[in-house]
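The values are calculated or read from the model by the stated rules, or taken from the named source; none is laboratory data. Since the model is a prediction, treat every value here as computed from it, not as a measurement. All Cβ positions, glycine included, derive from the backbone under ideal geometry; neighbour counts span all protein chains shown.
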Amino acid sequence: MINGYTITNNRIGPPLPTRGKTDMLKTLTLNWFLLPAFLSISMTSCTPRTPPPRSQEVTADDLAYLRELQRDTWNYIDHFIAPETGFPYDNNRRTGKTNTTNLGMYLASLCMAYQLGYVDQPDATARIRKILDTLDRTGNWHRLYNNWLDPSGQSFDARPGPNNISDYNKLPASLILVRQTFPELNERCTAFLDEIPWNVFYEPDTGRLFYDFDIVTQTVQHPVYFFRGEDKILGHFLAIASGKVPPESWDRHDLSEEERYGCHYYLHGWQGGGLFMQFICGLFLDNRGTSLGHSAESFARAQILHAREIGAPVWGWSACVGPDDVYHGWNDIRDEIVTPHASALAIHLFPREVIDNLHRLEKYGLRNPYRDEADGPRHAFGFRDSVNWKTGAIVGDNTSQYLVLDQGMLFLSLVNTCEDGLVWTTFNRDPLVQNGKALLSEFHVQPSPHKITQ
């Protein structure tokens, strides 16, 4: 299933919803087959760069391709798991610590894998219980954890120092999916979620939110007005939904923008981590029709235009491990390094553009089977982390070529797109999420339909 579009006679083709801030686009009726021309005009008046018209068909073969990629990507997520703790490794080297975001992305992916029939119920719940058991033994402050945890289980002690809500918020979000997917785990997940002290992050006198926390000293630091276009937003939503932070704090977000090619989108922007920053929270929280959803769409469109401007055959700029085995993130997004997960995050917005881009990325060998030295055989694990399109270099077999974070984002985006918004609908069923949406007018919108008929 291709989210937001209807396949009729093996093709997809309703109009995209018109969105934007300018009066021109408020009155524009966009025909689906005019999308190539529209890609050169942002919701916020992108500078015209009109390519030749071409068909925007998305076929049943495309859907089969996406589902094959979806399954291969799950194969990676399913493979690199620490037996001692049940935690996912950060990458295919099986060394170092893993992040609480990785835990959240893995648990969310496991819920979807069960619903898709990739794993059975006893296996899935056993894995989740093992992770929860490990978290029970790990030092925490009312279920706030160090951002980086030891998957080997050699140390469960809490460590002093700053941790960021942006790295933490996907863990509680994933437990919402868990309790909606596995009722037998509802009580345990609910106890975890209810204990989180969201109130400590709120500064009543100013309406600001603290984003750093130290679980040893049990203190918070750095009160700010969150940028609406950053990956802390899901945590802010959950804090409001819990009833521990007032909903009016949402309206205090910093709405500062960045502009490229006439496309305006919220900060942090291009060098603030790239495309993932505005899309990762939206994997859980359906933000279509909201200001954040509009911003993310404009950001993706700017990247498409940027590729045309610099003559890049592929696009998708976001934090990733480069072919040089260096993590290119904050203030280090480079034109020559493209990562597959970035464009995949926008597939529900630009399906034809993304599918074509994924096929072009494959030509660099990014989906070549990977040989895991631990077991010998080569595995189909989806896309490697990046390519330098100028040199053709990709991350090789002996380096950190897959990040579970990037694989998780790619997988969940495909699930939302191919499986009728499955992550969104599962998340949205939860009473806590429904309460948060009821409290925030930002979410009093009707997302575009994602029913598919063939």
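Does region 58-83 hold any residues that are more than 23 Å from Q115 (Cα to Cα), out of contact with any Pro (no Cβ under 7 Å at 6 or more places or on another chain) and either touching a residue at least 24 places away in the same chain (Cβ under 8 Å) or in a helix (DSSP H, G or I) (or both), and which are they?
Residue satisfying the conditions is T59 alone.
Of the residues G382, G365, only one is buried (at least 22 other Cβ atoms within 10 Å of the Cβ), within 23 Å of H79 (Cβ to Cβ) and not hydroxyl-bearing (S, T, Y); which?
G382
So which residues in region 261-272 are buried (at least 24 other Cβ atoms within 10 Å of the Cβ) and in contact with a Gly (Cβ under 9 Å, 6 or more places away or on another chain), if there are any at all?
Y265, Y266, listed by residue number.
Conditions: (1) over 24 Å from the mean Cα position of the chain (by Cα); (2) under 23 Å from I81 (Cα atoms); (3) of a type in the set (A, V, I, L, M). A191 meets all but one. Number of the miss?
Among (1) over 24 Å from the mean Cα position of the chain (by Cα); (2) under 23 Å from I81 (Cα atoms); (3) of a type in the set (A, V, I, L, M), the lone unmet condition for A191 is (2).
When the residues of region 191-219 are narrowed to those that are of a type in the set (D, E) and in a helix (DSSP H, G or I), which ends up nearest to G243 (Cα to Cα)? Steps first, answer last, please.
As a first pass, look at region 191-219 and keep what is of a type in the set (D, E): 194-195, 203, 205, 212, 214.
Now drop any that are not in a helix (DSSP H, G or I), which leaves 194-195.
Values: D194: 10, E195: 12 Å.
Filtering region 191-219 for residues that are of a type in the set (D, E) and in a helix (DSSP H, G or I), the one nearest to G243 (Cα to Cα) comes out as D194.
Could you figure out which of (1) without any contact (Cβ under 8 Å) to a residue 40 or more places away in the chain; (2) part of a loop (DSSP other than H, G, I, E, B) isn't true of P313?
Among (1) without any contact (Cβ under 8 Å) to a residue 40 or more places away in the chain; (2) part of a loop (DSSP other than H, G, I, E, B), the lone unmet condition for P313 is (1).
Could you say which residue among G421, G376, G408 is over 22 Å from the mean Cα position of the chain (by Cα) and of a type in the set (G, A, S)?
G376
Test of understanding: among A173, A158, which residue is part of a loop (DSSP other than H, G, I, E, B) and over 22 Å from W330 (Cα atoms)?
It is A158.
Looking at D212, D254, D205, which is the one that is in contact (Cβ under 8 Å) with a residue 12 or more places away in the chain and farther than 30 Å from E309 by Cα?
Details: D254 fails: farther than 30 Å from E309 by Cα; D205 fails: in contact (Cβ under 8 Å) with a residue 12 or more places away in the chain.
On inspection, the qualifying residue turns out to be D212.
Among D133, D167, which is the only one that is over 21 Å from V200 (Cβ atoms) and acidic (D, E)? Even if it seems obvious, please write down each step before you answer.
Working: D167 fails: over 21 Å from V200 (Cβ atoms).
Answer to the check: D133.
Of all residues in region 300-321, which are closer than 30 Å to R93 by Cα and under 19 Å from the mean Cα position of the chain (by Cα)?
Listed by number, the residues that qualify are W315, G316, W317, S318, A319, C320, V321.
Looking for something part of a helix (DSSP H, G or I) and closer than 23 Å to L107 by Cβ - is there at least one such residue anywhere in region 387-404?
Yes, region 387-404 has at least one match.
Taking region 92-138, which residues are surrounded by 15 or more Cβ atoms within 10 Å (Cβ to Cβ), charged (D, E, K, R) and either under 23 Å from C281 (Cα atoms) or modelled with pLDDT under 95 (or both)?
Initial filter on region 92-138 (surrounded by 15 or more Cβ atoms within 10 Å (Cβ to Cβ)): 92, 94, 97-116, 118-119, 124-125, 127-132, 134-135, 138.
Right, trim to charged (D, E, K, R) and you get 94, 97, 127, 129-130.
The answer is R94, K97.
Of the residues that sit in region 202-223 and are in contact with a helix residue (DSSP H, G or I) (Cβ under 6 Å, 6 or more places away or on another chain) and within 23 Å of G104 (Cα to Cα), which one is surrounded by the most Cβ atoms within 10 Å (Cβ to Cβ)?
Here the residue is L209.
Just to be sure I understand the filter: pairs with C-beta atoms under 8 Å, separated by 6 or more residues or on different chains, first member in region 368-380 and part of a loop (DSSP other than H, G, I, E, B), second member surrounded by 15 or more Cβ atoms within 10 Å (Cβ to Cβ) and basic (K, R). Which pairs pass?
Cβ pairs passing all conditions: N368/R384; A374/R94; A380/R367.
Taking region 386-405 as the search range and keeping residues that are at pLDDT 95 or above and touching a strand residue (DSSP E or B) at 6+ places or on another chain (Cβ under 6 Å), which one is surrounded by the fewest Cβ atoms within 10 Å (Cβ to Cβ)?
Taking the candidates together, the pick is N388.
How many residues, within region 334-359, are assigned to a helix (DSSP H, G or I) and within 19 Å of F411 (Cβ to Cβ)?
Residues flagged as assigned to a helix (DSSP H, G or I) and within 19 Å of F411 (Cβ to Cβ) within region 334-359 amount to 11.
Select from region 215-273 the residues that are among the β-branched types (V, I, T) and farther than 25 Å from R159 by Cβ and list them in ascending order.
Within region 215-273, I233, I240, V245 qualify.
Hey, among G293, G311, G272, G282, which residue is small (G, A, S), at pLDDT 95 or above and in contact with a strand residue (DSSP E or B) (Cβ under 9 Å, 6 or more places away or on another chain)?
G272
Only residues that are assigned to a loop (DSSP other than H, G, I, E, B) and without any contact (Cβ under 8 Å) to a residue 60 or more places away in the chain: list them for region 269-286, please. Full working, then the answer.
Narrowing region 269-286 to residues assigned to a loop (DSSP other than H, G, I, E, B): 269-273, 275, 280, 284-286.
Selection gives G269, G272.
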